[in-house]
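The values are calculated or read from the model by the stated rules, or taken from the named source; none is laboratory data. If you're wondering where the values come from, they're calculated on a predicted model, not measured in any experiment. In this analysis, Cβ positions are derived from the backbone assuming ideal geometry, glycine residues included, and neighbour counts consider all displayed protein chains. Keep in mind that these areas ignore ligands, DNA and RNA; they rest on the heavy atoms of the full protein, side chains included. Shrake-Rupley method; radii C 1.70, N 1.55, O 1.52, S 1.80 Å.
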Amino acid sequence: MINLSKYFIITSDEDLDKPQSYNGINRVQVIFGSHHNDSNDKERNVEIKEFAKKYNEMIYAIPDESTIIIEDDNLKEAGKIYHF
């Protein structure tokens, strides 16, 4: 997922002081954020919304127990995915 996406975002947490993003190989025209396990984490949600505004794109924040399947350029969500 990290490498296939247009951009990949990482929100701040106990291991990372500030949010970061980097370019993927742009195989799929979406932006992903992984390990989004708490939809009530206001600080992380603000960071994701800032990335969505920066890139002018919707961001799919994916919890550990969910996934996105891309087949023939069609995106299918399995489990809860948060859209920003």
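Quick notes on this one:
- Formal net charge of residues neighbouring K54 (Cβ-Cβ distance under 13 Å; K, R +1; D, E -1): 0
- Summed side-chain charge close to V28 - residues other than V28 whose Cβ falls under 15 Å, Lys, Arg +1, Asp, Glu -1: -2
- Apportionment of accessible area to carbon and sulfur, the chain, percent (1.4 Å): 45
- Listed by chain and number, the lysines placed with their C-alpha closer than 23 angstrom to that of K76 are K6, K49; residues fewer than eight positions away on the same chain are left out.
- Test item: Cα-centred dipole of the chain, Lys/Arg +1 and Asp/Glu -1 on Cβ, debye: 380
- Contact order normalised by residue count of the chain, Cα under 8 Å, 6+ apart, percent: 25
- Rounded to whole Å, sorted largest first: equivalent-ellipsoid semi-axes of the chain, Cα gyration tensor: 20, 15, 11
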